[in-house]
Each structure stands twice: as C-alpha cells, then as structure tokens.
Amino acid sequence: MSATVLVTIAADFAARAHVGARRKGAAGEPYINHLAEVAALLAVATQGEDAVLIAAGWLHDTLEDTATTCEQLEDHFGPEVASVVAEVTDDKSLPDAERKRRQVETVTGLSARAQLLKIADKTSNLRALAASPPVGWDRDRLIAYIDWAEAVVGQCRGQNGFLDAVFINARDTARRESDAKIAKDGA
Ligand code: ZN
C-alpha cells in the first residue's frame, strides 16, 4: 500500500470510528478535528516521510474511545501502525488518576514514534484547553492538566525540534489563558 493510500484510509477509518463524537471543550468541536490536528502535526514534523506515524496519528484514539480492536487495526493498516496505536492507548479499566500517573511513568519506554505521537497529542489538547476550556473546569483543574501534560512530554523532548517548539508554544498559551481565566473569574 502506498503512503498516501495508507494515510487516507486511516483518516477515513478514524472519521467513521469517531462519528458523532465531540471534544470536551465548551465549543463542542467535532472529535475528528483533534485527530486531523495530531496527524497534521506529525506530517509536518516528519516532512511527510513517516506514513506509519501519520496514519497512527489519525487512529491514535480508536482503541481507547471506540469499539475498534487491535486486530482490526492490524488487518487494515498492518502491525506497525497497530502497535504504535496500542502503545499510546491507556488501560480504561483503571481510574483516571492512575492512568495519568502511568502515562508519566511509562513514556520513556515507548518507541520513538509513540513518543512523537504523545507530544503531538498533548499539543493538540493544550491548544484546545486554551481555546475552549471544558465546561466546569476551574483554575486548579486547568493548571493540573497543563502540569501533567508537561510531565509526560518533558521526558520525550529532544527528538524533533518542530514538535518540541509547538508543544512549548501550546503550553505557554494554555498557562496564559488559565491565568486570564483566574483574573476574569476572580478566583
Ligand atoms: Zn488524542
């Protein structure tokens, strides 16, 4: 399968798997926007050279958030794409706090591709947090999320200058927006 075909069918598969899903933010953005952003970041970061990684970017939340199985990913996209997606998938049977703690603990053991995907994912999430914070999140929750994203990504820096820079930019913007929110809410 050519690189273009692989990436295009991954985008199509992701759009179908997440159909109707929305992001947590108040704006209720379609979930596919997050996947497109992550895939685009990875495409630019690798100058379009790593189709396996870009396809995994489109598919990275299918195991965690949809009925898709690892076997299906393997059948459609091959073992390399499936294994990157599996690497960035949390164990949903664990409580949220434990899942977050594990991400920090295990990130250095991930493959290089999975680490780049983590940076792109957290960048997209911090951008969304700054642009449209989830309803009901107070200042402490916003700051805790930013700190956690930083703890995960801080350990995989240094492999890709572009992704390092976009993450730092997203983190700083998210911190500024959280501070502005505090001022506005009078918290
Ligand atoms: Zn994601």
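Tabulated values for the structure
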{"read-out": "Cα centroid of the stretch 135-179 to Cα centroid of the stretch 73-89, whole Å", "value": "26 Å"}
{"read-out": "Probe 1.4 Å, accessible area per residue of the chain, Å²", "value": "49 Å²"}
{"read-out": "Fluctuation leader among 104, 38, 88 - the chain, Gaussian network, Cα springs under 10 angstrom", "value": "104"}
{"read-out": "Heavy-atom accessible surface of the chain: percent carbon and sulfur, 1.4 Å", "value": "53 percent"}
{"read-out": "Charge dipole (debye, nearest 20) of the chain; +1 at Cβ of Lys and Arg, -1 at Cβ of Asp and Glu", "value": "640 debye"}
{"read-out": "Rough spin-label spacing in nm, given labels placed 7 Å along Cα→Cβ, for residue 67 and residue 172", "value": "4.6 nm"}
{"read-out": "Residue-averaged 222 nm ellipticity for the chain, from DSSP H runs of 4+ at -39500 (n - 2.57), nearest 500", "value": "-22000 deg cm²/dmol"}
{"read-out": "Nitroxide proxy distance, nm - points 7 Å out along Cα→Cβ at residue 74 and residue 92", "value": "2.0 nm"}
{"read-out": "Sorted largest first, extent of the chain alpha carbons per principal axis (Å)", "value": "55, 36, 29"}
{"read-out": "With Cα atoms, 0 to 90° folded angle of helix 161-185 axis to the chain main axis", "value": "30 degrees"}
{"read-out": "Net charge dipole size for the stretch 141-186 [Lys, Arg +1 and Asp, Glu -1 on Cβ; Debye, nearest 20]", "value": "80 debye"}
{"read-out": "Charge dipole of the chain about the Cα centre (unit charges at C-beta), most positive-ward option of 151, 36, 110", "value": "151"}
{"read-out": "Prolate/oblate/rounded label for the stretch 34-120 (Cα gyration tensor, a/c 1.5)", "value": "oblate"}
{"read-out": "Backbone HN-Hα couplings from phi across the stretch 47-62 [Karplus 6.51/-1.76/1.60, Hz, Gly and Pro as x]", "value": "6, x, 7, 10, 5, 4, 5, 5, 4, 4, x, 4, 9, 5, 9, 5"}
{"read-out": "Candidate residues 146, 168: accessible-area rank, largest first, probe 1.4 Å", "value": "168, 146"}
{"read-out": "Residue-level accessible surface for residue 34, protein heavy atoms, 1.4 Å, Å²", "value": "0 Å²"}
{"read-out": "Cα-based shape type of the stretch 93-170, given that a ≥ b ≥ c are square roots of the gyration tensor eigenvalues and the cut on a/c is 1.5", "value": "oblate"}
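The values are calculated or read from the model by the stated rules, or taken from the named source; none is laboratory data. Worth saying up front: this structure is predicted, and the values here are computed from it rather than measured. Note that each Cβ is placed from the backbone with ideal geometry, even for glycine, and that neighbours are counted across all protein chains shown. Protein only, heavy atoms only, side chains kept; ligands, DNA and RNA dropped before computing areas. Shrake-Rupley method; radii C 1.70, N 1.55, O 1.52, S 1.80 Å.
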